[in-house]
Amino acid sequence: MSKETILILGSNGQIGTELLISLRAAYGYDNVIGSDFKQPNEPVGGHFELIDVLDSDRLREVMEKYKVTQVYHLAALLSATAEQKPKAAWKLNMEGLFNVLDLAVELKVKKIFWPSSIAVFGPNSPKYNTPQNTVMDPKTIYGISKLAGEKFCDYYFLKHGLDIRSIRYPGLISYRSAPGGGTTDYAVHIFHEALAKGKYECFLKEDTMLPMMYMDDAIRGTIELMEAPADKLSTRSGYNFSAMHFTPAELAAEIKKYIPEFVITYNPDERQKYAESWPCSIDDMIARKDWGWKHQFDMPAMVKDMLEHCRNFV
Ligand code: SER
């Protein structure tokens, strides 16, 4: 394997925290540089740089300093936060992406990863087994920025030959770091509250079904996509990517098997609307065919593993 130097933009976030650990294990501790717009809450060791992705000069400085060969660009505002600050979200999500794409072309970066989301779909997309290519009419600023971003990724691939790869993540469930500002976050908070208090007030209705994935699968799949031969990839916008789907009531019932006294109540807020505009389940046949994607965790396996790990945090 040729030597790679990998920069993660947004390494303090829910995905970045875990990718930093896994990429360092795979590519060498000193070959993976963490970065975010603020210092991590807990020191991550190794190379870390403060970068605001809107500051293209600073981004260039770091990319040149380390002779970066791959960038994982994860810095973005998620659905609920983006609705509160639509202009700031659009600016960060789009201009940040342009800065990365333009510098990648200029500095001849070998590969870029950029996360898309199930939020690219909308109320007129098929709800169940939503296919890769279908009606896409996102109703959130976050979803609109992800759909536009996908189109630009494809454009930079076609126009500049940039090797950019992307996944439409479902809700991601993890214990190492808290998600921030998303609609699917209830599926993480519920574990911490169940263990700490034996109860949880959910901001979605009990029957709101959403596609979800355990972080172990998401990280493995992401690295597998990045390591797949370029000629196997049939899309440069986001790949549909799936593992499980469930409702808050179904998740609560599984948690109750381990914590019988656990009680869930429902108090839906504005996030209900965003969730209702998204698919209930995803067809990821093309990812499975193109680069051999296969999930390992279903809902019961995820709940068991989450509870085991979250106990350490209570
Ligand atoms: N998890 C994201 C959110 O809820 C969707 O990709 O905003």
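Condition (residue is surrounded by fewer than 19 Cβ atoms within 10 Å (Cβ to Cβ) and either within 16 Å of the ligand (Cβ to nearest atom) or under 20 Å from the mean Cα position of the chain (by Cα) (or both)) applied to the stretch 55-70: is it met by at least one residue? No: the stretch 55-70 contains no residue that is surrounded by fewer than 19 Cβ atoms within 10 Å (Cβ to Cβ) and either within 16 Å of the ligand (Cβ to nearest atom) or under 20 Å from the mean Cα position of the chain (by Cα) (or both).
Picking from residues in the stretch 180-190 that are more than 17 Å from residue 303 (Cα to Cα) and surrounded by fewer than 23 Cβ atoms within 10 Å (Cβ to Cβ), the one that is modelled with the lowest pLDDT is 180. Taking residues in the stretch 271-298 that are more than 17 Å from residue 133 (Cβ to Cβ), and partners anywhere that are of a type in the set (S, T, N, Q), the pairs with Cβ atoms closer than 6 Å and at least 6 places apart or on different chains are 271/183; 274/79; 274/140; 274/183; 275/183; 275/208.
Out of 108, 127, one residue alone is surrounded by fewer than 24 Cβ atoms within 10 Å (Cβ to Cβ) and on the phi > 0 side of the Ramachandran plot. It is 108. So which of 260, 268, 300 ends up being assigned to a helix (DSSP H, G or I) and open to solvent by 20 Å² or more (accessible area, probe 1.4 Å)? Criteria check complete, one pass: 300. Of all positions in the stretch 101-111, none carries a residue that is more than 12 Å from the ligand (Cβ to nearest atom), within 18 Å of residue 13 (Cβ to Cβ) and modelled with pLDDT of 95 or more. When the residues of the stretch 282-291 are filtered to those that are crowded, with 20+ Cβ neighbours inside 10 Å and outside any helix (DSSP H, G or I), which remaining residue is farthest from the ligand (Cβ to nearest atom)? The extreme case among them is 284.
Inspection of the stretch 76-90 finds no residue satisfying the criterion of being under 16 Å from the mean Cα position of the chain (by Cα) and more than 16 Å from the ligand (Cβ to nearest atom).
The set of residues in the stretch 108-135 being closer than 26 Å to residue 219 by Cβ, assigned to a loop (DSSP other than H, G, I, E, B) and aliphatic (A, V, I, L, M) consists of 109 alone.
The values are calculated or read from the model by the stated rules, or taken from the named source; none is laboratory data. This structure is a prediction, so every number in the text was calculated from the model and none was measured. Using ideal geometry, Cβ is built from the backbone for each residue, glycine included, and neighbour counts are taken over all protein chains shown. For accessibility, only protein heavy atoms count, side chains too; no ligands or nucleic acids. Shrake-Rupley method; radii C 1.70, N 1.55, O 1.52, S 1.80 Å.
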